[in-house]
Amino acid sequence: MVGKTDVLILGGGITGTAIARDLGLRGLDTIVVERGRLADGATGNMHGLLHSGARYAVADPDSARDCIEENRTLRNIANHCLDETGGYFVQLPEDDESYFERSKKACLDCGIDVESVFAEEIREEHPYLSSETERAFRVPDAVIHPFPLTVANAVDVREHGGTVETHAEVVDVLVEDGTVAGAEVRHREASKTETIRAEHVVNATGAWAESAGAMAGIDIPMRPSKGVMVVVDFPSLDTVVNRCRPAADGDIVLPHENTAIIGTTSVEIDNPDDYTKAQWEEDLMIEEASKTIPDISTARVVRSYWGVRPLFGGTAADFEDGRAQTRDFVLLDHGERDDRPGMTTIVGGKLTTYRQMAETVSDHVCSELGVSEPCRTATEPLPGRDDPDELRDALDEFGPLPPAEELASDVIRD
Ligand SMILES: Cc1cc2nc3c(=O)[nH]c(=O)nc-3n(C[C@H](O)[C@H](O)[C@H](O)COP(=O)(O)OP(=O)(O)OC[C@H]3O[C@@H](n4cnc5c(N)ncnc54)[C@H](O)[C@@H]3O)c2cc1C
């Protein structure tokens, strides 16, 4: 069996589905192949913060600017996939006072709205915060639901003539005369293997990008990093609580239905399919989060889940600005980098900036294929924004819910 398309996209996380949506809106035919269910990788196992950018404002202002821009865009095109909780950065006695001031100023420099709040005010509004809270500032953080967001992108792919195939694993990449020409895909349902030929292949397999690259004879050194999220009963939590200090383990707590989700850690691993899930990581989450919200120490732990960040570990030559290991995304043009045209890899990034990543990749693919249609994803609403019914069947079809959404059964469905 042989299929054919303009662009074959490997990986059905938020990145792969959003690239297919972007290209579909520009008139290209696409096929997404995902080895498991949609959002089976980092996307369905992430924390759920739609960053305002405040977390990065001091250390990485470019990322912070990208976050606030995309945060505003998603409120417009995908407000059905997020909860407008707002967020606070809170200072405890042991935190560096000057960091608080630097953070606030850096946010303003990056165009992020901040509103200072005195300790008495914030504790009156959110009494679960520690009595030791010294001061805080409010930022436009929100909670994002990655599964309906990914499904909404997939629905739009189909509406524009594309195909999204789950339980379809890429087992080989076709290389003809030094050029990537498609892939061999094994379908679980019919236990059959299909050849899909394509004008261009995009490798959006996240933490698994190294394996997919190896199938094309390309070296893509990844340094995957695991992180834990711990879910506890906490019905009163109604906003995002960030500890105001340089990014550290367990310093963000998100409201999710009747629970709080505490995250996270960052520990480098070798294999995204086989790594240790350590008790110390879970304990550390409770210990750290209890400093800002003391009642978390006695709250019932509902469950924990782990995700793996698709961090790229390439050499300095792979990065435009020479940084080795970044949380920004990296586009690898394999024609230029490896003399292996026909394939592009995208790795890294954050869910908050997924649309911008997809736009960058799609611009690149379009220029390779001689297509001059502009990107429309920043203004075209995602399916379901104006009519939740549009997503209902697709949520069931692509379900069950991944770990990051297990409690969000009424997201979109109500
Ligand atoms: C612990 C943690 C917390 C995070 N928290 C946040 C947060 O709060 N806010 C935020 O903005 N970002 C957050 N992120 C980052 C965000 O989740 C990721 O950047 C994003 O989800 C990456 O999406 P992706 O599609 O590139 O990768 P993935 O979602 O990993 O998708 C890659 C897909 O490729 C598939 N695949 C692999 N190999 C093959 C193959 N051979 N054939 C077919 N398919 C294949 C996988 O099954 C997978 O579904 C977090 C990440 C982690 C790990």
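Against the chain, whose longest principal axis comes from its Cα atoms, helix 14-25 is set at around 60 degrees.
On a per residue basis, the convex hull of the C-alpha atoms belonging to the stretch 127-273 measures out at 186 Å³. In the chain, the longest principal axis of the Cα atoms and the axis of helix 61-77 are about 80 degrees apart. In plain terms, the bigger the Kirkwood radius, the slower the diffusion; for the stretch 305-397, with that radius from Cα pairs, at 20 °C and 1.002 mPa s, Stokes-Einstein puts D at 135 µm²/s.
Among TRP208, TRP306, what is the fewest-to-most ranking by other Cβ atoms within 10 Å?
Going from least to most buried by this count: TRP306, TRP208.
Note on ARG72 and ASP393: their simple-model spin labels are 3.7 nm apart, each label 7 Å out from Cα toward Cβ.
I want the antiparallel fraction of DSSP beta bridges within the chain, as a percent rounded to 5. Antiparallel: roughly 70 percent of the beta bridges in the chain.
By the gyration tensor of its Cα atoms, with a ≥ b ≥ c the square roots of the eigenvalues, what is the shape of the stretch 1-50: rounded for a/c under 1.5, prolate for a/b over b/c, or oblate?
Oblate, because a/c is 1.5 or more while a/b does not exceed b/c.
Between the listed residues PRO374, GLY335, LEU395, the Cα displaced farthest toward the positive end of the dipole of the stretch 328-404, a dipole computed from Cβ unit charges relative to the Cα centre, is found at GLY335.
Remark: SER372, SER211, SER116 ranked as SER372, SER116, SER211, counting other beta-carbon atoms within 10 Å and listing the fewest first.
Extent along the principal axes, Cα only, for the chain: 67, 46, 41 Å, with the longest axis given first. Sorting TYR99, TYR305, TYR88 from the fewest to the most surrounding beta carbons within 10 angstrom yields TYR99, TYR305, TYR88.
The alpha carbons of the stretch 258-358 occupy a box of 57, 28, 23 Å along the principal axes, longest dimension given first.
Restricted to Cα atoms, the stretch 190-299 shows a radius of gyration and a Dmax of 19.4, 56 angstrom. With a ≥ b ≥ c the root eigenvalues of the C-alpha gyration tensor of the stretch 53-145, is it rounded (a/c under 1.5), prolate (a/b larger than b/c) or oblate? Cα axes put the stretch 53-145 in the oblate bin. Give the shape of the stretch 1-93 as rounded, prolate or oblate, defined through the alpha-carbon gyration tensor: a ≥ b ≥ c are the square roots of its eigenvalues, a/c under 1.5 means rounded, and otherwise the shape is prolate if a/b is larger than b/c and oblate if not. Note, shape of the stretch 1-93 comes out prolate.
The number of Lys pairs in the chain with C-alpha atoms less than 30 Å apart, excluding pairs fewer than 8 positions apart on the same chain, is 12.
Taking 0.36 nm per residue of sequence separation and subtracting the Cα-Cα distance, how much length would be gained by fully extending the chain between ALA59 and LEU108, in nm to one decimal? Could you put the intermediate results ahead of the total?
Values: separation 49, 0.36 × 49 = 17.64 nm, distance 1.40 nm.
Full extension from ALA59 to LEU108 adds 16.2 nm.
Read the figures in this text as sums done on the coordinates, not as results from a lab. Here the structure is a predicted model, which means the values were calculated and not measured. FYI the Cβ positions are ideal-geometry reconstructions off the backbone, even for glycines, and counts take in every protein chain you see.
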